[in-house]
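Trainee: What follows is a single structure, and I will ask about it in a moment.
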Amino acid sequence: MTDQEREEQILATLNTSQREAVEYCTGPSLVIAGAGSGKTRVLTYKIAYLLNKGLKPWNILALTFTNKAARELQERIIRLVGEDGQKIWAKTFHSFCLQILRYEVEATPYQPNFTIYDDSDQLTLVKRILKELNIDEKRYPPRGYLSKVSNLKSNLLEADEDDDRLDEVYENYQHYLLENNALDFDDIIVAVVKLFQERKDILDLYQERFRFLLVDEYQDTNFAQYLLLKLLASKYQNICVVGDDDQSIYEW
């Protein structure tokens, strides 16, 4: 089968809008569509289309938000393109960033055996900090502070101009995490964003590796995830994101 025949086979089952989205491969693109309209189908068929055009599978990065969605995306890619689909990184934002941290740990403040704090670990740490700062848990619930700390990290902020106590909690929280060679869930992405911002050589390495980015459920990205994508895509500008703004968790 020729490349042209294979291309027609890839596009044959798509409707006009899906086909247009799949064929557009030079520069950034945003595909907005409702539930059940085939958004993920566009991503998988675009990957098949890119491979047929000569892009190597290891130059493609596909990101989504849940482990289940990432597994299903990888499975759909493999069913469509065969064994080349196994060489494509189809991951969640967090699993992708965690792998980068494992590879590049010597360029971070962490040791190779760093740990990830779960919700229980985080809550225990915040309670300890509130006690040390003489902040009454009954008046200022630990989970409330934990949520505020997470919000600061998601927006890549390190202080709150209107809440000095939050600043104290945040500063102590980060101090203890680093002291224990640990990251929380938000840190996984924040640490990679900072790494890419501070180490142009490392960013360039991954820009060359992942020359085409695809993102499912883009409406759910927060600022840290958006900046991660912007950094990775800034060299070649090849990024396709799909989403449904009616289902957004965050406001765009």
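The values are calculated or read from the model by the stated rules, or taken from the named source; none is laboratory data. Just so it is clear, the structure is predicted and the values come from calculations on it, not from any experiment. Positions of Cβ are backbone-derived with ideal geometry, glycine not excepted, and every protein chain shown enters the neighbour counts. Only protein heavy atoms, including side chains, enter the accessible area calculation; ligands, DNA and RNA are left aside. Shrake-Rupley method; radii C 1.70, N 1.55, O 1.52, S 1.80 Å.
Trainee: Could you give the size of the charge dipole of the stretch 129-244 about its Cα centre, using +1 on the Cβ of each K and R and -1 on the Cβ of each D and E, expressed in debye and rounded to the nearest 20?
Mentor: In total the dipole reaches around 460 debye.
Trainee: State the answer as a single residue: which of TYR110, THR66, LEU156 lies farthest towards the positive end of the charge dipole of the chain, with beta carbon charges of +1 for Lys and Arg and -1 for Asp and Glu, about the Cα centre.
Mentor: THR66
Trainee: Compute the length gained on full extension between LEU133 and ASN113: take 0.36 nm times their separation in residues and subtract their Cα-Cα distance, giving the result in nm to one decimal. Write out the running numbers ahead of the final one.
Mentor: Details: separation 20, 0.36 × 20 = 7.20 nm, distance 2.98 nm.
Extra length available between LEU133 and ASN113 comes to 4.2 nm.
Trainee: I've got another one for you. Write out the GluC sites (Glu not before Pro) in the stretch 146-246 meeting two conditions: DSSP loop, and at most 13 other Cβ atoms within 10 Å of their Cβ.
Mentor: GLU158, GLU161
Trainee: Go ahead and run the numbers for FRET between GLU198 and GLN86, Cβ-Cβ distance against an R0 of 35 Å, rounding to 0.05.
Mentor: Efficiency computed from Cβ-Cβ geometry: 0.60.
Trainee: Once the dipole of the chain is set up with Lys and Arg at +1 and Asp and Glu at -1 on Cβ about the Cα centre, which of VAL81, THR221, VAL169 lies farthest towards its positive end?
Mentor: So the residue furthest toward the plus end is VAL81.
Trainee: Classify the stretch 183-231: rounded, prolate or oblate, from the alpha-carbon gyration tensor (a ≥ b ≥ c, eigenvalue square roots; a/c under 1.5 rounded; otherwise prolate if a/b is larger than b/c)? Could you put the intermediate results ahead of the total?
Mentor: On the way: a/c = 2.29, a/b = 1.13, b/c = 2.01.
Taking the square roots of the gyration eigenvalues as a ≥ b ≥ c, the stretch 183-231 is oblate.
Trainee: About its Cα centre, how strong a charge dipole does the chain have in debye, to the nearest 20, once Lys and Arg get +1 and Asp and Glu get -1 at the Cβ? Write down the numbers at each step before the final one.
Mentor: Values: 30 positive and 42 negative charges, 183 e Å.
Charge dipole of the chain: 880 debye, to the nearest 20.
Trainee: Let me ask something else. For GLU161, project a label point 7 Å along Cα to C-beta. Then give me every residue of the stretch 212-229 with its amide nitrogen under 20 Å of that point.
Mentor: 223-224
Trainee: What is the sum of charges around THR108, taking Lys and Arg as +1, Asp and Glu as -1, for the other residues whose C-beta is under 13 Å from the C-beta of THR108?
Mentor: On the way: positive: ARG102, LYS194, ARG199; negative: GLU104, GLU106, ASP187, GLU198.
Once all neighbours under 13 Å are counted, the net charge is -1.
Trainee: Which is the longest part of the chain that has none of the trypsin sites (Lys or Arg not before Pro) sitting in a DSSP loop with at most 14 other Cβ atoms within 10 Å?
Mentor: Details: sites that count: LYS53, LYS138, ARG139, ARG199, LYS235.
Segment 54-137 is the longest.
Trainee: Can you tally the net charge around PHE185? Count Lys and Arg as +1, Asp and Glu as -1, for every other residue whose Cβ sits under 10 Å from the Cβ of PHE185.
Mentor: Values: positive: LYS153; negative: ASP118, ASP119, ASP184, ASP186, ASP187.
Net charge around PHE185: -4.
Trainee: Calculate, for the stretch 1-103, the solvent-accessible area per residue in square angstrom, rolling a 1.4 angstrom probe over the heavy atoms of the protein chains.
Mentor: Working: 5350 Å² over 103 residues.
That works out to 52 Å² for each residue.
Trainee: Using only the alpha-carbon atoms of the chain, report the extent along each of the three principal axes, biggest first, to the nearest angstrom.
Mentor: Its Cα atoms span 72, 39, 28 Å along the three principal axes.
Trainee: If N is the number of residues in the stretch 132-209, what value comes out of its Cα radius of gyration divided by 2.2 N^0.38 Å? Mind showing how you got there, number by number?
Mentor: Details: Rg = 15.2 Å, N = 78, 2.2 N^0.38 = 11.5 Å.
The stretch 132-209 yields a ratio of 1.32.
Trainee: Then there's this: Pairs of alpha-carbon atoms within less than 8 angstrom and 6+ residues apart define the contacts here; what relative contact order does the chain have, in percent? Walk me through the intermediate numbers first.
Mentor: Numbers: 327 pairs, mean separation 67.1, N = 252.
Relative contact order for the chain comes out at 27 percent.
Trainee: Work out from phi, with θ = phi - 60° and the Karplus expression 6.51 cos²θ - 1.76 cosθ + 1.60, the ³J(HN,Hα) of each residue of the stretch 229-237, listed in order in whole Hz, and give x for Gly and Pro.
Mentor: Per residue, the Karplus-derived 3J(HN,Hα) values read 5, 4, 5, 5, 8, 5, 7, 9, 6 Hz.
Trainee: Under a point-charge model restricted to the Cβ atoms of Lys and Arg (+1) and Asp and Glu (-1), what is the dipole moment magnitude of the stretch 34-139 relative to its Cα centre, in debye to the nearest 20? If you can, show how the numbers build up before the last one.
Mentor: Working: 17 positive and 12 negative charges, 108 e Å.
That gives a dipole near 520 debye.
Trainee: I've got another one for you. Sort the following peptides by mean Cβ neighbour count (other Cβ atoms within 10 Å, averaged over residues), highest first: 8-16, 180-188.
Mentor: The most tightly packed comes first, giving 180-188, 8-16.
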